[in-house]
Amino acid sequence: MKRRTTLKMTAALALSSMFGGAALAGSHSADPIVIGAVAPKTGPLAGGAAVTHWPNIRLWAEQVNARGGLNVDGTMRMVEIIEYDDQTNPGETIKAVQRLATQDEADFIIAPFATGLNIAAAPIFARYGYPQISVSNITDQVEDLASKFPNMFFTLGSTSAFASDVVRILSEMRDAGQLTGNRIAMVNVADAFGIELAAAARPLFKEAGFEIVYDTSYPLGTQDLSPVVKAAKDAAPNAFVAWSYPPDTFGLTEQAIIEDLQVEAYYTAVATCFPAFGARFGAQAEGILGAGGVNPDSEAFKEYAAAHEAATGAKPDYWASATTYASLQILEQAIEAVGLDREAVSAHLKEATFTTVLGDISFNENNFNEAFWTVGQWQDGVFRGVAETGREGASSVRVKSGWGS
Amino acid sequence: MTAAEIRTLILAALALGVAALLPLTGSGYWLGLGLNIAMFTVLATSWALFSGPTHYISLATAAFFGLGTYTVGLGFETLPYWSLVALAGILGAVLAALVGLATLRLSGVYFVIFTLGLAELVRQVITWAQNMSGQKGLYVLTDITEDHIYWQLVGLAALVYLVGWLIGRSRLGFALRIIGDDEEVARHSGIDTARAKVLLFMVPGAVAAITGAMLAPRYVYIEPALAFTPMLSFQVVIMALLGGAGRLWGPLVGVIPFAILWETISSTFPNQTMLLLGVSFLVIVYVLPKGFVGLIDTVRRRLSNREGWT
């Protein structure tokens, strides 16, 4: 028992000091730059954070330290990451950010994971003057939030853009004759983001002249989605749109294959862009539309994806992974430009343009990055961006032709 | 009122007064921890008011807490904040009365299971309503700071202690102690056991709903998964039992060390937080089966025995 506890403690210490240790090893006299990170390692969102959030922080810290650190006013300084698990609980996120700001005296804090946890932490970031370059924080309240929390930045997009671009893509497919009718089957998970997206999309579909022939919701965590897919199939839609979360994105697609749901466009929202989705469905994923996207042909992305796989052993997802990494590049460039003064960094973030894996990023008067990917599609085993609000390299959308074999 | 009671009252008022000074230290870190302690003190103490004497283990805290959070989230744009806190309390009490009427006839494990399911039920009902109305995400953007929330919670704690103290002195409190000892006997003595239990169950219901309403501005963004987290119900039970549910001040002596332990583990072992917390639960149950109150009583008894011998 005693030996086991000792082993566990040693393992824990080794893990928690891995980055700190790596950072210290190379530095000579300059203190490391302390960077805090708070996100779920346990709880409902731990799975998502393990794909898009934590690996990028590790990758970035490794890369920065491998090149000798960040150049702060002429001195090269390593970065040291302090990680905390918020257990997917906003109370814990708030406490951990506070701990980083006051006890660990972190120089900077990486924005938390997911909308709810980011917004819960925003008052603390604001109080201590930390810039909060949030990624997985998709909202339609950008204006209100930015005026309340002037150091909060938004990189991944807004709810309405995700809904309206799906409507736009389907309209374009219809105009090009790829959709042979107006019939849409729309379902949503009855949870925050799913409800928001469905509510935003409903009037837009009608405006664009679509007929919503099936519209339903299912509770979060529903295991048996076959009634949903069967009813959607009975409505004989031309396109199937699901504002879904990770477990049901997989569940709905499995049922669609079983039921042989014949549609010309098939969309599921969150997690369609995960490499695990492509791996799970293989050729059957061909033509599936989903939220997010990247330009997988850009040199910057290819280089990033290779480094990600080499450093973490896993492929990045085709959406928020690259944006998370870009948010760290933005922080890095801002620090190198103006030093460790947080106010100066925030001011610089509002003005400058940053070169990232996604291309150039700058923020508008609401601290909002206006150029982002909104819809992607699995094409030949890669999830390619097909709709964006100002990014380069969108592929043209294809018709979903059956479920292969 | 006896002299001893007056002394206790004065001491309690002093302690609350000192607790209310915490925001003046200006340390956000300690305030955050204090806020956590205040929240769990309120929840665990009100929980023990009902579960202590009756021995009915309720896992419904999250249901009431989420109800309060959503009351503020949904009504925030139409009604002033203060009225929503009061409304949350009323809704919590009404829900508790309904649940109590339906379930307090259930005993033992059936009651526990029902209360656990209640959080999920309320969550699904609210989500359904939100989905039907097409209500978008709920943002509670206010100027209420952590200082204000902390003071509100300390005030609520004072109220809970006062209510608990009054109940302890009342016929209702006496009836409940009899119910806790033997419900059959209580019924034969002419006590309306169902009414007594329902009345008392409304207290933790209302308090948890008010707490949820008070914390809504802290979370800013309200989602079901965060408002109705089942973890909360378990934390409250564990803290109350760690302290000891038999005394009014029992939960407090559980909440404080537990919150500090939780904080220490979260900050020292970020990768094993949940694992180590689980291990601590086991150790606590094994080493302190009667909670800190039991430990304190044992120590006291030993001390007085020793005095008796010398």
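The values are calculated or read from the model by the stated rules, or taken from the named source; none is laboratory data. Here the structure is a predicted model, which means the values were calculated and not measured. With ideal geometry, Cβ positions are generated from the backbone for all residues, glycine too; neighbour counts draw on all protein chains shown. Areas reflect the complete protein model, heavy atoms only, side chains present, ligands, DNA and RNA absent. Shrake-Rupley method; radii C 1.70, N 1.55, O 1.52, S 1.80 Å.
Anisotropy class assigned to segment A:182-257 is oblate, per the alpha carbon gyration tensor with a/c at or over the 1.5 cut-off and a/b no larger than b/c. Using only Cα atoms, locate the centre of segment A:358-374 and the centre of segment B:136-168, then give the distance between them in Å, rounded to an integer. Cα centroid of segment A:358-374 versus Cα centroid of segment B:136-168: 40 Å apart. Near A:His308, once Lys and Arg are set to +1 and Asp and Glu to -1 for all other residues with Cβ below 13 Å from its Cβ, the sum equals -1. When B:Thr2, A:Thr93 are compared by accessible area at a 1.4 angstrom probe, the order from most to least is B:Thr2, A:Thr93. With a sphere of radius 13 Å drawn around the Cβ of A:Val38, what net charge do the other residues whose Cβ falls strictly inside it have (Lys, Arg +1; Asp, Glu -1)? That works out to -2. Amide H to amide H, with H built 1.01 Å from N, A:Trp319 comes under 5 Å of A:Gly293, counting only residues 5 or more places away or on other chains.
Counting only other residues whose beta carbon sits under 14 Å from that of A:Trp403, what net charge do I get with K and R as +1, D and E as -1? Around A:Trp403, the charge tally is -2. Helix A:2-16: angle to the longest alpha-carbon principal axis of chain A, degrees 0 to 90, nearest 10? Approximately 80 degrees, to the nearest 10. Exceedance of the 24 Å cut-off in Cα-Cα distance is limited, within the set A:Lys148/A:Lys350; A:Lys230/A:Lys400; A:Lys95/A:Lys350; A:Lys206/A:Lys233, to A:Lys95/A:Lys350. Here the spin labels are modelled as points 7 Å beyond Cα on the Cα-Cβ line, and at A:Thr180 and B:Leu106 they lie 5.3 nm apart.
Scanning residues 5 or more positions from A:Asn71 or on other chains, those with amide H under 5 Å from its amide H are A:Arg77, with H placed 1.01 Å from N in the peptide plane. Highest mobility in the GNM of chain B, judged by mean-square fluctuation with C-alpha springs under 10 Å and restricted to B:Leu199, B:Leu118, B:Leu275, is found for B:Leu275.
Between the Cα long axis of helix A:320-338 and the first principal axis of chain A there is an angle of about 30°, rounded to the nearest 10.
In a GNM of chain A with a 10 Å cut-off on Cα contacts, which of A:Ala49, A:Ala334, A:Ala310 has the highest mean-square fluctuation? It is A:Ala310. Computed from backbone phi, the HN-Hα couplings of segment A:215-231 come to 9, 8, 9, 9, x, 4, x, 4, 8, 9, 9, 5, x, 5, 5, 4, 5 Hz, rounded to whole numbers (Karplus: 6.51 cos²θ - 1.76 cosθ + 1.60, θ = phi - 60°; Gly and Pro given as x).
In segment B:3-229, the convex hull through the Cα atoms has an average projected area of 13.6 nm², a quarter of its surface area. Mean residue ellipticity at 222 nm, helices only, chain A: -14000 deg cm²/dmol; runs of at least 4 DSSP H residues each add -39,500 (n - 2.57), and the sum is divided by the number of residues. Computed from phi, the 3J(HN,Hα) profile of segment B:252-266 under the Karplus parametrisation 6.51, -1.76, 1.60 (θ = phi - 60°) reads 4, 6, x, 5, 5, x, 5, 5, 6, 4, 4, 5, 5, 5, 4 Hz, with x in place of Gly and Pro.
State which stretch of chain B is the longest one without any exposed trypsin sites (Lys or Arg not before Pro), exposure meaning a DSSP loop state and at most 16 other Cβ atoms within 10 Å. Formally, the longest exposed-site-free interval is B:106-289.
Out of all DSSP beta bridges with both ends in chain A, state the antiparallel percent to the nearest 5. Percentage antiparallel, nearest 5: 30.
Projecting label points 7 angstrom from Cα along Cα→Cβ for A:Ser147 and B:Leu261 puts them 4.7 nm apart. In this simple spin-label approximation, A:Glu309 and B:Glu77 carry label points 7 Å from Cα along the Cα→Cβ vector, and these lie 4.6 nm apart. Among DSSP bridges having both ends in the protein assembly as shown, what percentage is antiparallel? Round to the nearest 5. Roughly 35 percent of the beta bridges in the protein assembly as shown run antiparallel, per DSSP.
Can you tell which of A:Asn295, A:Asn364, A:Asn89 shows the greatest fluctuation in a Gaussian network model of chain A with Cα springs below 10 Å? Among A:Asn295, A:Asn364, A:Asn89, the largest GNM mean-square fluctuation belongs to A:Asn364.
Applied to segment B:89-98, the Karplus parametrisation 6.51 cos²θ - 1.76 cosθ + 1.60 on θ = phi - 60° returns per-residue 3J(HN,Hα) values of x, 5, 4, x, 5, 5, 4, 4, 5, 4 Hz, with x for Gly and Pro.
Using only alpha carbons, the protein assembly as shown has a radius of gyration to Kirkwood radius ratio (Rg to Rh) of 1.00.
Length gained on full extension, B:Val283 to B:Leu159, computed as 0.36 nm times the residue gap minus the Cα-Cα distance: 41.3 nm.
Return one quarter of the surface area of the convex hull spanned by the alpha-carbon atoms of chain A, equal to its mean projected area, in nm². Mind showing how you got there, number by number?
Values: hull surface 83.6 nm².
The directionally averaged projection comes out at 20.9 nm².
Split chain A at each of the GluC sites (Glu not before Pro) in a DSSP loop with at most 15 other beta carbon atoms within 10 Å, and the longest piece is A:106-364.
Note: relative contact order over chain B, using C-alpha pairs below 8 Å and six or more positions apart, is 32 percent.
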